[in-house]
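Have a look at the structure below before the remarks.
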Amino acid sequence: MSDTLVLSHPSLDDPKVFSVHQEQTGIEEEWFKSAQQEAWDRYTELPYPVRTNEKWRFANVKHFTNTGSYRTAAQADEDTAHLVEESHRLDKVAGRIILADDALAAPVELDEDLRKKGVIFMPLFDAIRKHPELVREYFMKQSPELGSEKFEALHLALLRNGVFLYVPDNLEIEAPFMAYNWAVADKAALFPHTLFVTGTNAKASLVEFQEAAHKETEHFIIANAHLYAGDGAKPSHTIVQNWNAKTLSFQLNTNNAQRDTNAKSTLINVGSSHARQEVHGKIFGSGSNVEMYALNVPTGSQEIDQRTLQTHIAPNSRSDLLFKNALIDQSRTIFSGLIIVEENAQQTDAYQTNNNLMLSPDAEANSLPGLEIKANDVKCSHGATTGNMDDAEMFYFLARGIPKKKAIELMVFGYFEEIIGKLDNEQLANYVRELVQHKFTD
Amino acid sequence: MSTTPDINVERDVGDFHYETDYEFDAGVGLNEKTIDYIVDVKGEDDWVREFRKKALKIFQDKPNPTHWASKDIENINYDNIRYYLSKGQRPSRSWDEVPDDVKETFERLGIPEKERAFLAGVEAQFDSEASYSNMKEELAKEGVIFVGSTEGLKEHPEIFKKFFGKVIPTGDNKFSALNSAVFSGGSFIYIPPGVKVKQPLQAYFRINAENFGQFERTLIIADEGAEVTYMEGCTAPKFETTTLHSAVVELVALKGAKIQYITVQNWSANVFNMVTKRGLAMDDAEIKWIDCNIGSRLTMKYPGVIMRGPGARGEVLSIALAHDGQHQDTGSKMIHAADNTTSNIISKSISIGEGRSTYRGVVSIPRQLKGCKNNTECDALLINTNSRTDTYPAITVKGNQSTVQHEASVSKVSAEQIFYMMQRGLPEGDAMSLAVNGFVNDLIREFPMEYSVELKRLIDLEMEGSVG
């Protein structure tokens with residue numbers, strides 16, 4: 001690596017990393033600069049997580065404490081044109097933003113008609129300059145509060161772009177907005193940030209693809225995504241996490257629902273060597289329905305560590321969580337979920353389910369489904385199951401001459417259809433089916 | 001349904017206190033001298049003295065587990081507690097020899113009466129030592145041993161030393177270390193191979209003194225093919241100051257043996273009840289904990305079974321009732337360590353007023369094992385708007401040849417149910433009691449007859465006045 005590269009792309013353990021970052025972002029808004037400075041101070045003060053912390057129970061913390069050698073702002077020297085070419089997973093879209101190593105790789109696309117109607121869809125840093133009031137109202141106002149405070153601070157301190165989507169009141173958009181995040185340079189530390197705001201009675205969906213340009217490069221990624229649903233809004237947010245198998249990744253999300261919303265978030269996990277994901281669904285208003293889904297197919301020695309919170313602050317709302325894992329090879333999963341029903345949240349319906357399908361003798365699934373209920377007039381339940389294929393179903397396949405391997409594949413498909421069926425875009429659903437199939441053939 | 005006002009708890013069953021002169025008193029606070037005093041008074045061997053002192057060191061070094069447990073445990077003031085109080089170390093074999101003031105306590109609690117009626121043996125512990133211990137003669141002839149911990153270690157070391165502190169190591173947690181340092185009383189039971197004890201053995205634990213800590217230690221060994229049921233009850237008068245009860249109970253069920261351990265805990269609401277209970281089940285053995293928690297200020301108790309031998313079975317049936325100012329933090333720990341082991345956990349809790357009940361569980365199939373199964377069901381019933389319940393299970397499964405399922409639900413007594421019963425002329429309070437009894441009924445049926453009747457009555461009393 002050349003000296004100039006080392007100077008302009010310092011590693012995370014270089015004391016100059018933050019000052020170099022501040023020079024490079026070129027952002028002048030004082031509130032944002034000081035927010036990054038405070039976050040940096042917080043990051044350096046906060047301790048690394050330890051396993052005795054309940055929020056890190058069962059986790060392999062050592063993978064996340066050895067990240068000093070990753071380089072910030074390590075921008076791809078290579079041509080990213082082929083990545084732009086590939087960023088066409090869906091045909092009919094409302095807009096598209098493509099970021100490679102946290103930098104815009106192609107001009108932003110946005111349906112002209114929607115632009116005229118007031119939709120804002122642009123890189124986060126452009127939004128900070130052009131719509132400072134709007135961004136400030138929501139930016140980093142909520143936190144998952146699930147244990148990754150140090151990494152959340154690092155994300156805020158060093159983030160240098162992201163995606164901002166704002167859908168104004170009463171506008172309903174069927175075609176999805178697309179965000180592509182590519183990891184390109186070896187040893188890059190990336191901090192993708194998504195802010196998705198839907199106004200009163202607005203409806204929209206955002207689909208994010210997280211991918212790596214190469215198989216052998218190593219990355220450290222702390223992504224954040226925050227969804228704000230105004231009264232009566234119907235947002236849907238899907239993240240297809242497909243970083244390469246040498247990536248350590250964080251995904252720290254919040255879903256914030258006001259009154260009468262229908263908010264849905266779905267995580268599809270196929271990539272990363274270790275993925276730590278935190279999702280906090282907060283329900284501030286009555287009459288809302290917040291759904292949180294995840295489909296996870298870890299193979300090899302992949303580890304997927306997911307922590308979730310469903311917090312009911314207002315009465316008379318509903319939340320439903322379904323996280324499904326199929327574990328192959330020596331993979332490992334942790335699901336730790338908690339439903340909190342606050343004192344005033346009477347008439348709450350809250351559900352939480354974690355299913356683990358064990359497909360290998362070496363796989364390990366940990367499940368911690370929790371409830372904290374402080375109101376009495378509620379319907380709450382959680383369930384967790386861990387097991388293998390149903391013998392009777394398998395017999396049925398074999399008796400009809402379907403080989404065992406194919407039968408397992410088909411049954412896994414059936415198992416995941418419950419999640420895939422929730423995706424409202426048929427092309428996306430097919431793409432996810434392909435991704436799952438790849439995990440079996442690789 | 002109308003709003004539900006505060007409830008007046010009737011808890012006077014055990015709430016009485018007699019002035020008692022103690023001959024032996026280790027004083028207030030805990031240090032090496034306390035341990036020397038206990039060892040000297042009991043006339044224990046040097047290895048016990050060492051065992052206790054090592055445990056004291058571990059206790060002092062271990063922090064409170066507040067990173068997951070209730071902060072209330074910080075309110076236990078170990079320097080204010082009396083660790084050993086007794087009138088003597090030899091329990092009487094007949095009630096006539098029990099000192100009058102002690103006998104009066106147990107008579108009022110109905111122990112001698114129950115013994116005549118349906119028990120195979122009884123031990124009655126008053127503060128630190130058993131004041132009465134007796135077992136039917138024919139059991140002794142069959143080789144059954146039913147003695148206190150002191151006597152067990154002294155008279156039968158070849159049987160008890162092998163498993164003493166092995167199921168629950170001293171350093172398992174802060175409170176097992178404390179118990180290991182200052183244990184006194186409790187039962188040591190050995191059932192020889194093939195002996196099936198038909199009637200239950202019972203221990204009754206009574207705390208009489210204020211600022212007192214009771215640390216009984218129980219070890220039950222059921223040899224191959226043996227069967228035994230053990231029941232314990234506990235009460236204490238209500239003092240203004242806090243009282244600590246920290247027991248360690250170890251069960252060993254050898255090949256094909258069955259142990260059933262029943263607890264009805266009705267401590268007064270000033271007692272911290274920090275109990276470690278665990279069983280070791282060898283090949284095809286079965287250990288069943290039936291656990292009912294009604295009393296205490298804070299209970300932390302997670303009866304566990306380590307299924308060491310193939311085909312072993314573990315079961316926990318748990319009922320908890322948390323009232324104003326009470327926190328019942330109970331649950332279970334099931335460790336599957338051999339093929340084809342099965343476990344079942346059924347937990348029902350009821351939170352009344354500002355009471356809080358918590359289910360905390362561990363189910364672990366840590367290695368590649370075949371044919372292991374666990375089923376867990378936790379149901380919580382919330383009576384008042386400010387009642388609280390939590391569920392914190394942790395399930396680990398390795399491999400693809402085992403099955404685990406966990407289900408939990410939270411509900412309240414439905415307005416329809418109450419309305420239906422009131423339509424038919426039942427007062428609202430009775431309707432509420434019926435609904436709550438219905439909620440726990442299928443579990444209560446698992447208790448022996450005499451207990452289930454008493455439990456139903458206790459729940460009736462607790463529910464009295466809970467609706468208006």
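No value in this document is a laboratory result; all are computed from the given coordinates. Note that the structure is predicted; figures quoted are calculated from it, not measured. Backbone-built Cβ (ideal geometry, glycine too); neighbour counts: all protein chains shown.
Mean residue ellipticity at 222 nm, helices only, chain A: -7500 deg cm²/dmol; runs of at least 4 DSSP H residues each add -39,500 (n - 2.57), and the sum is divided by the number of residues.
Here the Karplus curve 6.51 cos²θ - 1.76 cosθ + 1.60, taken at θ = phi - 60°, turns the phi angles of the range A:388-398 into couplings of 9, 4, 6, 4, 5, 5, 4, 4, 4, 4, 4 Hz, with x standing for Gly and Pro.
For chain A, what is the relative contact order in percent, using Cα pairs closer than 8 Å and at least 6 residues apart in sequence?
10
What's the FRET efficiency of A:Ala245 with A:Thr52 using the Cβ-Cβ distance as r and R₀ = 51 Å, to the nearest 0.05? Here the calculated transfer efficiency is 0.95. Enumerate by residue number the GluC sites (Glu not before Pro) in the range A:157-245 meeting two conditions: DSSP loop (anything except H, G, I, E, B), and at most 12 other Cβ atoms within 10 Å of the site's Cβ. Passing both the DSSP loop test and the Cβ count: A:Glu174, A:Glu216.
With the cut-off at 1.5 for a/c, could you classify the range B:179-306 from its C-alpha gyration tensor as rounded, prolate or oblate? Prolate, since a/c reaches 1.5 and a/b exceeds b/c. Based on C-alpha pairs under 8 angstrom that are at least 6 apart in sequence, the range B:24-301 has a relative contact order of 17 percent.
Here the Gaussian network model covers chain A, with springs between Cα atoms less than 10 Å apart; of A:Val50, A:Val290, A:Val341, A:Val50 fluctuates the most.
The three principal axes of the Cα atoms in the protein assembly as shown give end-to-end lengths of 98, 67, 66 Å, sorted in falling order.
Label point of B:Glu138 set 7 angstrom out along Cα-Cβ; within the range B:216-234, amide nitrogens under 19 Å from it belong to B:226-230. Going by the alpha-carbon gyration tensor, a ≥ b ≥ c the square roots of its eigenvalues, is the range B:24-301 rounded (a/c under 1.5) or, if a/c is not under 1.5, prolate (a/b greater than b/c) versus oblate? Rounded shape, in that the Cα axes give a/c under 1.5. Taking the Cα centre of each part, how many Å lie between the range B:85-129 and the range A:166-236? Each part's Cα centre sits 71 Å from the other's. Estimated at 0.36 nm per residue, the fully extended path between A:Arg129 and A:Asp169 surpasses their Cα-Cα distance by 12.2 nm. Test of understanding: express the Cα radius of gyration of the range B:266-340 as a ratio to 2.2 N^0.38 Å, with N the residue count. Cα-based Rg divided by the globular estimate yields 1.26. At a Förster distance of 56 Å, what's the computed FRET efficiency of A:His214 paired with A:Glu343, Cβ-Cβ distance as r, to 0.05? After rounding to 0.05, the efficiency reads 0.60.
Over all residues in B:404-415, what is the mean tally of Cβ atoms on other chains that come within 10 Å of each residue's Cβ?
6
In plain terms, the chain from A:Ala35 to A:Gln427 could stretch by 137.2 nm, reckoned as 0.36 nm per residue minus the Cα-Cα distance. Qualifying trypsin sites (Lys or Arg not before Pro) in the range B:431-462, where qualification requires a DSSP coil assignment and no more than 16 other C-beta atoms within 10 Å, comprise B:Arg445.
The modelled label-to-label distance for the pair A:Glu409/B:Glu23, using points 7 Å beyond Cα in the direction of Cβ, is 8.2 nm. Taking each residue as 0.36 nm, the span from B:Asp430 to B:Arg108 lengthens on full extension beyond its C-alpha to C-alpha distance by 113.1 nm.
Under 15 Å from a label point set 7 Å out along the Cα-to-Cβ vector of B:Lys161, the amide N atoms of the range B:51-78 belong to B:51-52.
Distance between the modelled labels on A:Glu45 and A:Thr441, one decimal in nanometres: 5.3 nm (7 Å Cα→Cβ projection). Only residues of the range B:131-146 count here: report those whose backbone N is under 19 Å from the spot 7 Å along Cα→Cβ of B:Lys198, or say none. Label zone hits: B:135-145.
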